[in-house]
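Just below is one structure, and these are the notes that go with it.
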Amino acid sequence: MPVRALRGGESDFGKRGLLGSFRTMLRQYASHEVEGLTVELEYETGAGGTLRKTVTTDTEGFAHFEIPFEDEQTLPMNSGWERAKLRWSAHKDGGDAGQTTAFVLAPGRDAGIGVISDIDDTILETGITGNARAILRNWKRVLIQMPGQRVAVPGAQDFYSALGGDAGTGSADMDAAVPQARPRPVFYVSSSPWNLFTYLVAFKRQRDMPLGPIMLRDWGFNRKTLGSEGHGSHKEDAIIRILETYPHLRFAMVGDDTQKDLVAFGSVVDKMPDRIAAVFIRRVAEEALSAKEEAARVTIEAKKVPLWMGADYRQASEFLKQSGLELDGSMETLVETASEGKASPHAESGV
């Protein structure tokens, strides 16, 4: 479990003018990491025991917690959010001691299937496909727009609701605004920087997208983090960690064709085919598949893992029905109003 210490105030993504939005986003990207901060994690096991561990943040402000359980712990029958407490000491360079609540997703034993998803151009439209003109044309999305102004991928809300399952009613903690966990846990693996963590959580809450752990990248001015090859390697490593952490689950992987998702997914399928229930690739770019992407496609099909590639999540819903995945009745209402270039009412709200 990674946590990150940053110096600054609470993120506020409310509606504001052009200059105010730019300042808000600038604060997100220009983060001030706190090195050498002592952070304690406290977690109640549910069996009357309490686990504690203290870690000091590194040069990037990260504290990584890995806590071994003395006794074997059984996952709950149903997926749910569990609480842990984080406490930090006063820092030598300024800053008071404090504490907050951290939420940890515990996948249920009855989930059967989990979801591993990309974010950019998979649930969140960017309009950036590697073309310099496209980047310049869509600069406002990255530098100015608040979460409520961003455009969701047409049909994504309904599609992911079916993948994750009905969350039911109620909330795990109304004060903390954490909704009840979906029956099938959703994990997000993205090449976006850690600086956008709170931004992405706000976007998903406003769009009623399933919440789940988000694994982002620590960006720096080097070839490893800025180069295109870093996208695939980061995602593949993160996906393998998820598969190894939850051996009782098979996973559906969802991505797009703008950041080498197909190559990363193909490599995972090649290594652990029995753990992958299906692969979904949303086609965004107009270019033909690269040699590596074509090889990944062949690998996935050779391993007999169901593969869907298309631009319309309504078509993906039909694929789901034929693939044998065990999904609930909400499948029948999937993305009924969505088609290529036409968003559902939910996808347009707040834009």
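The values are calculated or read from the model by the stated rules, or taken from the named source; none is laboratory data. From a predicted model like this one, the values you see are computed outputs, not experimental measurements. Neighbour counts run over all protein chains shown; Cβ positions are idealised from the backbone, glycine included. The area values use the complete protein model at the heavy-atom level, side chains included, leaving out ligands, DNA and RNA. Shrake-Rupley method; radii C 1.70, N 1.55, O 1.52, S 1.80 Å.
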Q) Is there a residue being modelled with pLDDT under 90, part of a loop (DSSP other than H, G, I, E, B) and touching a strand residue (DSSP E or B) at 6+ places or on another chain (Cβ under 9 Å) anywhere in segment 79-86? A) no
Output for Cβ contacts, cut-off 7 Å, separation at least six or different chains, first residue more than 10 Å from F203 (Cβ to Cβ) and assigned to a loop (DSSP other than H, G, I, E, B) in segment 141-160, second at pLDDT 85 or above and of a type in the set (S, T, Y), reads V153/T122
Expected output for segment 244-259 (first residue under 18 Å from A106 (Cα atoms), partner open to solvent by 20 Å² or more (accessible area, probe 1.4 Å) and assigned to a loop (DSSP other than H, G, I, E, B), Cβ below 8 Å, 6+ apart or cross-chain) is H248/L75; H248/R109; L249/G112; R250/G112; A252/L325
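Here's the yes/no breakdown for (1) outside any helix (DSSP H, G or I); (2) touching a strand residue (DSSP E or B) at 6+ places or on another chain (Cβ under 6 Å); (3) aromatic (F, W, Y):
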| position | (1), (2), (3) |
| --- | --- |
| V254 | yes, yes, no |
| Q259 | yes, yes, no |
| S267 | no, no, no |
| V279 | yes, yes, no |
| E286 | yes, no, no |
| V298 | no, no, no |
How many residues of segment 110-124 are under 17 Å from M309 (Cα atoms) and assigned to a strand (DSSP E or B)? The answer is 4
When segment 1-40 is checked residue by residue, the ones that are of a type in the set (A, V, I, L, M), closer than 16 Å to W139 by Cα and open to solvent by 50 Å² or more (accessible area, probe 1.4 Å) are L18, L19, L26
Of the residues in segment 94-109, those that are in contact (Cβ under 8 Å) with a residue 12 or more places away in the chain, open to solvent by 60 Å² or more (accessible area, probe 1.4 Å) and either assigned to a strand (DSSP E or B) or farther than 25 Å from G48 by Cβ (or both) come to Q99, T100, T101
Taking segment 220-248 and keeping only residues that are of a type outside the set (A, V, I, L, M), at pLDDT below 90 and surrounded by fewer than 18 Cβ atoms within 10 Å (Cβ to Cβ), one is left with G220, F221, N222, R223, K224, T225, G227, S228, E229, S233
Just one listed residue, out of A106, A102, A111, A134, is aliphatic (A, V, I, L, M), modelled with pLDDT of 85 or more and out of contact with any strand residue (DSSP E or B) (no Cβ under 7 Å at 6 or more places or on another chain), and it is A111
Reported set for segment 18-44 where residues are assigned to a loop (DSSP other than H, G, I, E, B) and modelled with pLDDT of 80 or more is H32, V34, E35, G36, L37
